[in-house]
Amino acid sequence: MARKLAVIGAGLMGSGIAQVAAQAGWDVVVRDVEEAALHRGVAAARASLERFVAKGKLAGADAEAALARIATTTDLADVGDAEMVVEAVFESLDVKREVFAALDRICRPDAVLASNTSAIPITQIAAFTGRPESVVGTHFFSPVPMMGLCELVRGFKTSDATLAAARDFAESVGKTCIVVNRDVAGFVTTRLVAVLANEAARLVESGVATAEDIDTACQLGFGHKMGPMRTMDLTGIDIMVHAANNIYGDTRDPKFAPPELLARMVSAGDLGRKTGKGFYSYESTA
């Protein structure tokens, strides 16, 4: 019998997590508050699967089978029988606390309650449940079907069994895991990339070097597959700024405070690939 995953949030991350789980044989239910969001999420999963088929990396029948394993709902009660629940909503502690308080009431006692947060400490999220030992971080990376890493984050009370179940899930969908044993804001990866991204933006802002040259330096000098400017464009400038601000708010360490250039880009709507312009211009936002 297939295992059941519930994904809370049908955005880019939620639809990607649903897709890889369905490909791996999980029965998936995706919950969002609006039908339109659910339709967009399923459409994104379908488009991603079709790209894999077109490149010869996936059989058409397997793609259709994966889509058939994804159900959608606007009723949170429909996730109650899932053994694994992954929250992938907006990166706001207040929003996540509300979701987890509801999941605590609805979900079966042995369910693993995971958050896809990239920066918010898991202990703060778990505090709004009566079962903090069952709450864990599963930080996937975008685009989920392409990125091989999952950062597992142990909250202050996360049990060994919960961490092991989260690892089993992540590895079952093809991810390699690292473990964050103390859930400082930003964990490992977001803290590292925030410092690099902020300093790279400061160098551009002050006229020291162009975005293109900074990316080239990181690729050829450090062996990075993608430089920090293209990484920010891919992730979303607004997402990067929000994550860095979350870490700065928790630590008050100035190295995490986003520079003015990034704030101006967000205000102007130059968010990267998704809007067609960030540090680079893109012909298509599809």
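In the structure shown, the pairs 4/274; 225/255; 175/274; 157/225 are assessed against 28 Å; a Cα-Cα span above that value is assigned to 4/274; 157/225. Its relative contact order, with pairs defined as Cα atoms under 8 Å and 6+ residues apart, puts segment 1-160 at 23 percent. Placing a label point 7 Å from the Cα of residue 57 along the Cα-to-Cβ line, the residues of segment 9-38 whose backbone N sits under 15 Å from it are 16-17, 19-21, 23-24. Applying a DSSP loop filter and a limit of 13 other Cβ atoms within 10 Å to the trypsin sites (Lys or Arg not before Pro) in segment 93-183 leaves 182.
With the gyration tensor restricted to C-alpha atoms of the chain, the semi-axes of the equivalent ellipsoid amount to 31, 23, 17 Å, longest first.
Label-to-label distance, residue 39 versus residue 161, with points set 7 angstrom from Cα along the beta-carbon direction: 4.3 nm. Amide H contacts of residue 115: 87, 136, 137, 138, each under 5 Å away and 5 or more positions distant or on a separate chain (H built 1.01 Å from N in the peptide plane; Pro and chain starts excluded). Computed over neighbours whose Cβ is under 14 Å from that of residue 110, the net charge equals -1, Lys and Arg +1, Asp and Glu -1. How many angstrom lie between the C-alpha centres of segment 1-73 and segment 253-286? If you average the Cα positions of each part, the centres end up 28 Å apart.
Backbone phi angles across segment 211-222, fed through the Karplus curve with coefficients 6.51, -1.76 and 1.60 (θ = phi - 60°), yield HN-Hα couplings of 4, 4, 5, 5, 4, 4, 4, 6, 6, 8, x, 10 Hz in residue order; Gly and Pro are listed as x. Distances between placed amide hydrogens fall under 5 Å for residue 180 paired with 152, 153, 154, all partners being 5 or more residues away or on another chain. Quick one: net charge of residue 215's neighbours, Cβ under 12 Å, K/R +1, D/E -1? Summing Lys and Arg as +1 and Asp and Glu as -1 gives -1.
The Cβ shell under 12 Å around residue 74 holds other residues with a net charge of -4, Lys and Arg each +1, Asp and Glu each -1. Bridge orientation summary for segment 4-180: considering DSSP beta bridges with both residues in this region, about 15 percent are antiparallel.
Each reported figure results from applying straightforward, stated rules to the coordinates on display, with no laboratory input. Values in this document were obtained by computation on a predicted structure and should not be read as measured data. Cβ: placed from backbone, ideal geometry, glycine included. Neighbour counts: every protein chain shown.
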